[in-house]
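Since every read-out is calculated from the coordinates, none of them should be taken as a lab result. Treat the numbers as computed from the prediction; the structure is a model and nothing was measured. Don't worry about glycine lacking a Cβ; one is built from the backbone with ideal geometry, like all the others, and counts go over all protein chains shown.
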Amino acid sequence: MFGVNAWPPLVDALALILAAFVIVFLLGAIRQGEALARFEQAEAELRRTQAEKEALLRRLQALARSGEIQVEDGKVILQGEVLFDSGSDELKPDGARALQQLAQALLPLLAAEPDQLILIGGHTDNVPINTPRFPTNWTLSTARAEAVAHLFLRSGIPPERVVVGGFGSYHPRRDNATEEGRRQNRRIEVLLVPIRSVSTR
């Protein structure tokens, strides 16, 4: 009786297993290479965005040195008396010029970050207002924020990248007990926020 030679099928099976291992290894290497390329691309994009943000910050700090704006906690703050007369939402010429400079500084940042938009917040002190045009500080703060928004639009910022809020006296920056505190509370704040925080887009 002749014995059965089991080696050929065993060799074939081992060859198939080895081939499968090589294919899996190659696929893994390809995917790893693709992942590495994507990571390097994302890293380069992040470096570019950071450089643009640093350039923007330098431009904003240059504006801040002029005394027209302040940069604090990622927000650009413009004091009310620079922009408006008391009880008014009409921009003063010097204030309009400062806002035009700010808009030009913001344009490249918006181009680099398509998922961000500009929030313009109007704030007042706690001294009540009651005029036919502005029955409350809320209406005054909203009208002032809208005036800034319209100037930004005229300066080239797309309307779909702008949102306006009137906060009245309810988010003070300083204590309203002093005249200096009230002065600092009368302000416009400009900051970038994610679009998804205010829209389902």
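Assorted remarks:
- Phi-based couplings in Hz for the range 143-152 (Karplus 6.51, -1.76, 1.60; Gly and Pro marked x): 5, 5, 4, 5, 4, 5, 4, 5, 5, 4
- The label point for Lys75 and the one for Asn130, both projected 7 Å from the Cα toward the Cβ, are 2.9 nm apart.
- Distant-in-sequence amide H partners of Gln116 (H built 1.01 Å from N, under 5 Å): Ile195
- Here the dipole of the range 70-197 is about 120 debye; that uses its Cα centre as origin and unit charges on the Cβ of Lys and Arg (positive) and Asp and Glu (negative).
- Phi to ³J(HN,Hα) by Karplus 6.51 cos²θ - 1.76 cosθ + 1.60 over the range 110-120, Hz, x for Gly, Pro: 5, 5, 7, 10, x, 8, 10, 9, 9, 9, 10
- Counting 0.36 nm for each residue step from Glu40 to Phe21 and taking away their Cα separation leaves a gain of 4.0 nm.
- Peptide packing: for 23-31, 121-129, 157-165, the average count of neighbouring Cβ atoms within 10 Å per residue gives the ranking 121-129, 157-165, 23-31, highest mean first.
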